[in-house]
1. Looking only at the range 77-126, count how many residues are at pLDDT below 75 and surrounded by 10 or more Cβ atoms within 10 Å (Cβ to Cβ).
2. Only one of Leu67, Leu48, Leu74 is outside any helix (DSSP H, G or I) and surrounded by 17 or more Cβ atoms within 10 Å (Cβ to Cβ). Can you tell me which?
3. If we scan the range 51-61, do we find a residue that is among the aliphatic types (A, V, I, L, M) and touching an Asp or Glu at 6+ places or on another chain (Cβ under 9 Å)?
4. Take the residues in the range 70-92 that are in contact with a helix residue (DSSP H, G or I) (Cβ under 6 Å, 6 or more places away or on another chain) and in contact (Cβ under 8 Å) with a residue 40 or more places away in the chain; name whichever of them is farthest from Thr43 (Cα to Cα).
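The values are calculated or read from the model by the stated rules, or taken from the named source; none is laboratory data. Not measured: the values here are computed from a predicted model. Backbone-built Cβ (ideal geometry, glycine too); neighbour counts: all protein chains shown.
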Amino acid sequence: MHRSAAENIVRVERPFPDKLFYKIGEVSKIAGVEPYVLRYWETEFAFLRPRKNKSGQRVYVRRDLELVLEIKRLLYEDRFTIEGVRKKFGESEPPKQPQPQLIQSPSNEVIEMVRKRLREILSQIR
């Protein structure tokens, strides 16, 4: 049987749709990794920082998606370690996580005001 010329053309598809923005679920499907893996990679690689929209959802751009695919290739195919990927991209250590704000101890004046108010409330209850 003979094929037509149109059937002989090999269709080359892009590995992912050409869009301005991708949500984490879309990136997860394209890259073949779970969303929690993408979130973990964000904590390990400072260069992978997707923006967030007004509702707080991650919004990946094409460059972020390309980085995700490159990280996956390095980790899963080339068998790099997390540290190896960092070095490959010119990072020496993981990004620093913001430190929680320490609660300051109330001053003695504040403590005395609270005690006084509590005594007043207690006297009203009795």
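1. Qualifying residue count for the region: 3.
2. Values: Leu67 fails: outside any helix (DSSP H, G or I); Leu74 fails: outside any helix (DSSP H, G or I).
The unique qualifying residue is Leu48.
3. Keep residues of the range 51-61 that are among the aliphatic types (A, V, I, L, M), which gives 59, 61.
If we keep only those that are touching an Asp or Glu at 6+ places or on another chain (Cβ under 9 Å) too, we end up with none.
No, the conditions are met nowhere in the range 51-61.
4. Ranking the qualifying residues of the range 70-92, first place goes to Lys72.
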